[in-house]
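Novice: One structure, pasted below without further comment.
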């Protein structure tokens with residue numbers, strides 16, 4: 001039985017839950033699937049002592065690096081026959097995690113797997129560009145496998161010097177319960193739209209709400225689901241939202257049965273983000289039979305084509321208006337896209353993702 005320690009800082013005290021944490025939570029809820037594949041998983045979620053909360057955030061981050069390394073050393077010093085699977089993203093978090101991987105390999109000879117949960121190399125190395133070559137050399141030396149969300153970012157890292165044999169693409173998954181094919185049953189006179197994600201400028205929320213305010217002759221309803229993570233747009237979002245009146249509902253963060261119910265009644269999922277890795281929300285929407293309106297971000301062009309999605313330009317409220325109007329005016333296209341998306345979603349299940357991940361672990365030599 002291979003032992004794997006998944007490293008990721010989990011949310012506490014009702015903090016924001018993003019895609020990385022959602023993935024880890026799904027893994028931890030399904031330990032039996034890993035066990036059936038010969039893998040025993042545990043989580044290393046180091047939370048710093050509260051005594052540092054009074055200090056500024058930069059000092060907190062520096063202290064956290066050393067405390068996390070010490071805590072991981074204590075956890076594995078008596079049992080280092082374990083694969084360290086670090087889930088990381090970008091910038092200083094990425095720097096910290098590569099140094100953590102180096103420590104685990106050099107000090108304990110642990111095999112290390114790194115999952116990078118962003119979709120572009122420039123996002124990873126933003127603000128740490130001068131360290132790019134050094135960190136890639138560390139990955140070549142101390143990391144057994146680097147898992148990417150898309151073929152595009154894998155290609156970028158290989159071109160930057162990462163050994164090809166270190167690389168693996170593993171697309172995200174959905175673990176929402178699906179219902180029968182009800183594309184035709186969804187369609188009513190009203191077009192039900194849904195947005196699920198952080199309410200942040202770079203998620204395209206302002207463009208979305210601007211577009212919908214311009215579609216005064218269309219009978220639609222928007223379910224806006226998510227927490228504000230960008231205070232700078234809160235006033236503009238609230239103003240645009242208020243102008244929609246009864247044509248929109250804001251739900252805050254949604255999960256579980258409430259999330260599934262909102263997806264299931266939705267005709268169209270909108271994702272106008274400026275950048276993504278492999279957005280979970282796309283896979284979730286597909287599983288519930290939603291048509292898609294999305295920017296070409298992350299791995300979306302690798303798994304979707306014009307049969308599954310209407311592509312829109314980044315920062316283009318005009319494209320959003322055109323796409324919504326097209327699906328409203330042509331119900332046949334809408335229903336066909338819904339059916340194709342539900343069928344395609346079967347390729348991106350939790351079970352298939354775990355099976356491929358366990359294959360990565362099993363291929364690593366002790």
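The values are calculated or read from the model by the stated rules, or taken from the named source; none is laboratory data. Everything numeric in this text was worked out from a predicted model, so none of it was measured. Reconstructed Cβ throughout: ideal geometry from the backbone, glycine too, with neighbour counts over all protein chains shown.
Novice: Against the definition (more than 30 Å from residue 113 (Cα to Cα) and either at pLDDT 95 or above or surrounded by fewer than 16 Cβ atoms within 10 Å (Cβ to Cβ) (or both)), how does residue 293 come out, yes or no?
Specialist: Here the answer is yes, as residue 293 does meet what is asked.
Novice: It is to be established whether one or more residues within the range 223-239 are at pLDDT 95 or above, surrounded by fewer than 23 Cβ atoms within 10 Å (Cβ to Cβ) and closer than 25 Å to residue 329 by Cβ.
Specialist: Within the range 223-239, one or more residues are at pLDDT 95 or above, surrounded by fewer than 23 Cβ atoms within 10 Å (Cβ to Cβ) and closer than 25 Å to residue 329 by Cβ.
Novice: What strands (runs of 3 or more DSSP E) completely inside the range 139-218 contain at least 1 residues that are modelled with pLDDT of 95 or more and closer than 21 Å to residue 257 by Cα?
Specialist: Strands (runs of 3 or more DSSP E) meeting the threshold: 191-196.
Per-residue answers, yes or no, for (1) touching a helix residue (DSSP H, G or I) at 6+ places or on another chain (Cβ under 6 Å); (2) closer than 15 Å to residue 138 by Cα; (3) at pLDDT 90 or above:
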| residue | (1), (2), (3) |
| --- | --- |
| 42 | no, no, yes |
| 62 | no, no, no |
| 76 | yes, no, yes |
| 79 | no, no, no |
| 84 | yes, no, yes |
| 98 | yes, yes, yes |
| 103 | yes, yes, yes |
| 106 | no, yes, yes |
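Novice: Any residue that is touching a strand residue (DSSP E or B) at 6+ places or on another chain (Cβ under 7 Å) and either surrounded by fewer than 17 Cβ atoms within 10 Å (Cβ to Cβ) or outside the structural domain of residue 203 (by TED's automatic domain parsing) (or both) - is there at least one of those in the range 318-332?
Specialist: For the range 318-332, residues touching a strand residue (DSSP E or B) at 6+ places or on another chain (Cβ under 7 Å) and either surrounded by fewer than 17 Cβ atoms within 10 Å (Cβ to Cβ) or outside the structural domain of residue 203 (by TED's automatic domain parsing) (or both): present.
Novice: Helices (runs of 4 or more DSSP H) wholly in the range 254-351 with at least 3 residues that are more than 18 Å from residue 222 (Cα to Cα) - which ones?
Specialist: In the range 254-351, the matching helices (runs of 4 or more DSSP H) lie at 280-287, 300-303, 331-344.
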